[in-house]
Amino acid sequence: MVTVHFVKWDTSLDLMKEANCLYDAAGTFDCVEKGDLVAVKLHVGELGNPYYVQPFFVHDIIRRVKEAGGKPFLTDANTYYQAQRNNAYDHMVTALTNGFNMAPFIVADGLRGENYKIVKTKGILNKIEVAGAIAEADAMIVVSHNKGHELSGFGGAIKNLGMGCASRAGKLRQHRTVGLEIDESKCIGCGKCKEACPMSLPEIFGGKARNISPLCMRCPFCAEACPTGAIKLVDKENICRALASAAYGVLSTFKNKKVSYVSFAKDITQYCDCLPSPGKVVMNDVGIFASDSPVSIDGAFLKMSNYKLFNDAYQVDCMLQVRESRVLGIQGDVKPKIQKIS
Ligand code: SF4
Ligand code: SF4
């Protein structure tokens, strides 16, 4: 059984010191060998959203990677949707504005998302576009911020791997596993779906909406804006399977035991931290987790949190992405042993 190490979020303690004890106990930097180019995969936050991993923790992770002999770089792949991180220029400005200047920040899939390696994977996808700088790295520390997510229920290490390490094309591939249906009998042709869509994709023909665009990312702003419930996403749980499938593909670009995970379960918001306005913080802060398994680290978070509120809010089982990852052969335990530090 894989043990996940854990520090409670207790501000009466020196959390930086606690985090370092956690990394030592979990062997977080054992994946780093002298001279390795080490991707520190994180999400640098969306401008206007205060909930992301605090830069001083990342500063310390960079220090530890260097002490282990590695050459660390911060990295993330561009977003598919139009926002502050969908090209390398805006992404880098966002990273610097939010305080991530402790190491070079390399946008993993390049200026406009065209730098990627296509790899075969298992599960619901047969291939995935892994962002180039991640596919080429020698080792990776996956630093995640746990939060709710409108499609997958929650986001943690598996989502950071599967969606976060995929290029824009890989992100769209995962989102397209979800279906979108328009019930013409309920549609009144008001056009609110088109107004709400970031790409204005729905078209109104003969007083009815239709959406046949291959660019549709199933986000689903149109469905939320529809006053009659005519648009809905279907097969939503497929995104959980897609995250697991993509995560398997991303891990296939690394040698065994070259990826390590640290997750921060703090400021756990209703919506994903990729939005400028992520909604309320809906759970008490839990703590910091460290493991060498994405299955175990996400399983540990779910074991210690009231994740059923995300299941109920989004009508999707948060455990599905974790179980599916295990079924595909990613090592770890869905319900791991949790070892508390200090
Ligand atoms: S789900 Fe709706 S809002 Fe989102 S991209 Fe597709 S058409 Fe646009
Ligand atoms: S918002 Fe709903 S009712 Fe209005 S046009 Fe779009 S699908 Fe039809």
Against the rule of thumb 2.2 N^0.38 Å, how large the Cα Rg of the chain comes out:
0.97
For LYS255, give me every one of the aspartates and glutamates with a C-alpha distance below 17 angstrom, ignoring sequence neighbours fewer than eight places off in its own chain.
ASP30, GLU33, ASP36, GLU136, ASP138, ASP292
Binned Cα-Cα distances of the stretch 179-234, short to long, each 5 Å bin given as a whole percent:
4, 23, 38, 26, 8, 0
Angle in degrees between helix 88-97 and the longest Cα principal axis of the chain, rounded to the nearest 10
60 degrees
Arranged from highest to lowest average of other beta-carbon atoms within 10 Å per residue, in what order do the peptides 239-247, 4-12 appear?
239-247, 4-12
Using only alpha carbon pairs under 8 Å that are at least six residues apart, calculate the relative contact order of the stretch 179-234 and give it in whole percent.
49 percent
Net charge near ALA133 (other residues with Cβ under 11 Å of its Cβ; Lys, Arg +1; Asp, Glu -1) is -1
Which order do the peptides 104-114, 249-259, 197-207, 294-304 come out in when sorted by mean C-beta neighbours inside 10 angstrom, highest first?
294-304, 104-114, 249-259, 197-207
Where the only charges are on Cβ atoms (+1 Lys, Arg; -1 Asp, Glu), what is the dipole of the chain about its Cα centre, to the nearest 20 debye?
600 debye
As a quick test, which of the pairs LYS41/LYS186; LYS41/LYS335; LYS258/LYS340; LYS71/LYS340 have an alpha carbon distance above 32 angstrom in this structure?
LYS41/LYS186
Using alpha-carbon coordinates, inclination of helix 319-328 to the longest axis of the chain, degrees:
70 degrees
Evaluate the distance, in nm, between pseudo-label points positioned 7 Å from the Cα of LYS340 and of LYS122 along their respective Cα→Cβ axes.
3.6 nm
In this model, which of LYS236/LYS280; LYS66/LYS257; LYS120/LYS236; LYS34/LYS122 are farther than 21 Å apart at the alpha-carbon?
LYS236/LYS280; LYS120/LYS236; LYS34/LYS122
By how many degrees, between 0 and 90 and to the nearest 10, does the Cα long axis of helix 238-251 differ from the longest principal axis of the chain?
40 degrees
What percent does the relative contact order of the chain come to when contacts are Cα pairs within less than 8 Å and at least six residues apart?
25 percent
One finds, for MET199 and ASN101 with R0 = 45 angstrom and r their Cβ-Cβ distance, a FRET efficiency to the nearest 0.05 of 0.90
When you count, for each residue, the other Cβ atoms within 10 Å and take the mean per peptide, how do 227-238, 137-148, 262-273 rank with the highest first?
137-148, 262-273, 227-238
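So which GluC sites (Glu not before Pro) in the stretch 1-92 pass both tests, a DSSP loop state and at most 16 other Cβ atoms within 10 Å of the Cβ? Intermediate results must be reported in sequence, preceding the final value.
On the way: sites: GLU18, GLU33, GLU46, GLU67; in loops: GLU33, GLU46.
The qualifying sites are GLU33.
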What value, in deg cm²/dmol to 500, does the helix sum -39500 (n - 2.57) over DSSP H runs of n ≥ 4 give at 222 nm once divided by the residues of the chain?
-8500 deg cm²/dmol
Summing Lys, Arg as +1 and Asp, Glu as -1, what charge do residues with Cβ under 11 Å from the Cβ of PRO50 carry, PRO50 excluded?
-3
So if R0 is 51 Å, what FRET efficiency would ARG112 and ILE188 give, r being the distance between their Cβ atoms, rounded to the nearest 0.05?
0.85
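Throughout, read-outs are computed from the coordinates displayed, never taken from laboratory work. It should be emphasised that the depicted structure is a prediction, and the values quoted were computed from it without experimental measurement. Because the Cβ atoms are built from the backbone with ideal geometry, glycine has one as well, and the counts that use them run over all protein chains shown.
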